[in-house]
Every structure is written in C-alpha cells, then in structure tokens.
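To start, the structure under review is shown below, and the notes come after it.
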Amino acid sequence: MRRGHRILTVAAAVLMSAALAGCGAPAMPSPTDPGLETDVPAPGVAPPDALPAVGGHGGEAPGVRPRPQEQRADPDEPEAGPAPSPSAEPARPTPTPTTAPTASAAPSPSPTPPAAPRALVDLLVDAGSLPPPTWTEGTWAELAAPGSVPVGEAIPHVAVARTASAECAAAAGAVDGAASEAAMVALSTGVERGGVFNVAVLRYPSAAAAADGIAALQALATTCDGAVTESGTFAAPPVAHGAAVALESDDAALVVDAAVVGRHVVAVLHERAPAEAVALLLNEQVARLG
C-alpha cells in the first residue's frame, strides 16, 4: 500500500471514532444501564420512529453518521477484513517522473587531412627576387625555367658515383633513395667563369630522412674521394655549409654544396663560384622553403 493511501485511511478512522464518541451530540442512555426499561420510553421522549428528520439525515443526530449494522460472522467463512473507510479517497497512481532526454554526444569532428605540399617548382628561388651580386658587374638572370627533374639526376655527382665502384654506388643510393621529389632552376650572373648555377631541391618524407640524405652525401665524398670516372675524379673539398662533393677534370670542376632544411635538401651546383654566391643562393632558397 502506498504511504499516501495509508495516511488517508488512518485519518478517516480517527474522524469516525470522534463522531461515534458524540462530537456535538448528547450521549444516548445505554440499554444495559440498570433501572431503565428498554421497552418503555423515558417520559417526554418520543420513540425512535417518531424522531423528526434533521437536515435530511432521516433521524440521525446532527454530525453523527449511522454506524453500519454489523453482520454476524459465519464461523464457516473466513473473517473478512475491515471495510474500507467511506471517506478515504481512492489511491491515485504516483506519476512517474519523466526523464529529461539526454543530449547525445556531439559527433567529434573528423580530422582535417593535411594540405598537400606545394610543388617544389613553385618553391624554387626566383632570379628577380635575388639581391644584386657583389662579386660581379652582372645581374641575376634565369638560364632555364624551374622544372621537375628525376630524383637520381638532381645531383649529377650521385649519378656518376653509381658508375664508379660498388662502394660509391652504395653511398649514392643512400643520398636520394628516400627522396620523393626533385626540382631545379638554372641561374646566371654573367658570362664570366663561375657565374652559372643550378639550384636543386630534393624533398624527403620527413626531416629525419632529409638529415640522413645529407649525411649520406658527406659519406659519398669521403668514400669516393680519388675515384676516377669518365666524368672526372671525385674530390672532397672543404665543407662550408653541410656537404660538398667535387668532380674535377683538367682545369674545370663541378662542385655541389648542400644544406638541409626541414624535410628538404638544397644543393647548389657551380664551377668553383665565389663562396658568397653559394651562401647567398643557399640562404635565399632556405628562406623560400621555410
């Protein structure tokens, strides 16, 4: 039984007991009191059938409701429980609290795929953006437009080393074996000797792979130093920037100076150009890549 229903039932029983105790009505003499005749009405008192109806209660005392006549219980039948109080209100179902709808978790945004890297040809140094050279009277000019080249041909020294010896070939493969893209532009500062440059850039899958590439280029210079090939003899010139390898033939030489920046290796190929020219091109190309 619900608690609210039990409280209403107890309250109704208390009210019924108070009413039967004569709340607001004179006590009637008990027929068992001594000295009273049960079949002779008291002088001046009308018999029960002659009591006028008061307030429509049909002979009931005001404020007293007739006690229901008790029925004798049959010994053969099970005793019935107490009759429900007439004043008790029927139990009302307790409303089930509505559960507020739980907001579903917002779907996590899908990760944005990384932007595709710009093509190397768009990142190559531009002749018009270079400051005027200080070692010659000429100006920077573009001899060949920027373009993509095969990875194995970006640095000619690597291609020549593959034909020199087994040791040189192994060192050459470690330079560009992990590179994924290469591009080159040809620049010039005039007609004098040493004024022609090729700037090549190789892209690697990571900065660590690029660092391995330039370390392999240094190893190539050491491993192949003195090796004679059809294109010239390998030499290891002093390293000014990161790695340097030379191919010398008679009175000419083709030198590569290289540096690493992030996941790129920048190589400047020249014919024994002034050191400040090589440094300028390396710095300008590194800035473009950054």
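Considering each of 267, 235, 208 in turn, give the residue that is open to solvent by 10 Å² or more (accessible area, probe 1.4 Å) and touching a residue at least 12 places away in the same chain (Cβ under 8 Å).
Unique residue meeting the criteria: 235.
For residue 287, the requirement of being at pLDDT below 95, out of contact with any helix residue (DSSP H, G or I) (no Cβ under 6 Å at 6 or more places or on another chain) and farther than 20 Å from residue 149 by Cβ is met.
Flag: residue 272 matches the condition of being among the charged types (D, E, K, R) and under 26 Å from residue 140 (Cα atoms). Scoring residue 157 on the criteria (1) in contact with a Gly (Cβ under 9 Å, 6 or more places away or on another chain); (2) open to solvent by less than 10 Å² (accessible area, probe 1.4 Å); (3) part of a helix (DSSP H, G or I) leaves a single failure, condition (1).
Which of the residues spanning region 133-151 are assigned to a loop (DSSP other than H, G, I, E, B) and either among the basic types (Lys, Arg) or modelled with pLDDT of 90 or more (or both)? First the steps, then the outcome.
So the first thing to find is which residues in region 133-151 are assigned to a loop (DSSP other than H, G, I, E, B), and the list is 133-140, 149-150.
140, 149, 150 - these are the residues of region 133-151 that are assigned to a loop (DSSP other than H, G, I, E, B) and either among the basic types (Lys, Arg) or modelled with pLDDT of 90 or more (or both).
Here 255, 201, 260 are screened, and the one residue that is buried (at least 22 other Cβ atoms within 10 Å of the Cβ) and in contact with a strand residue (DSSP E or B) (Cβ under 7 Å, 6 or more places away or on another chain) is 201.
Under the condition of being over 21 Å from residue 284 (Cα atoms), without any contact (Cβ under 8 Å) to a residue 60 or more places away in the chain and either out of contact with any strand residue (DSSP E or B) (no Cβ under 6 Å at 6 or more places or on another chain) or open to solvent by 10 Å² or more (accessible area, probe 1.4 Å) (or both), the residues counted in region 211-227 number 9. Run down 287, 259 and say which single residue is among the small types (Gly, Ala, Ser) and out of contact with any His (no Cβ under 7 Å at 6 or more places or on another chain). After ruling out the rest, the residue left standing is 287.
The values are calculated or read from the model by the stated rules, or taken from the named source; none is laboratory data. Keep in mind that what you see is a predicted model, and the values were worked out from it rather than measured. As a convention, Cβ positions derive from the backbone with ideal geometry for all residues, glycine included, and neighbour counts pool all protein chains shown. Remember, those area values only see protein heavy atoms, side chains included, never the ligands or the DNA or RNA. Shrake-Rupley method; radii C 1.70, N 1.55, O 1.52, S 1.80 Å.
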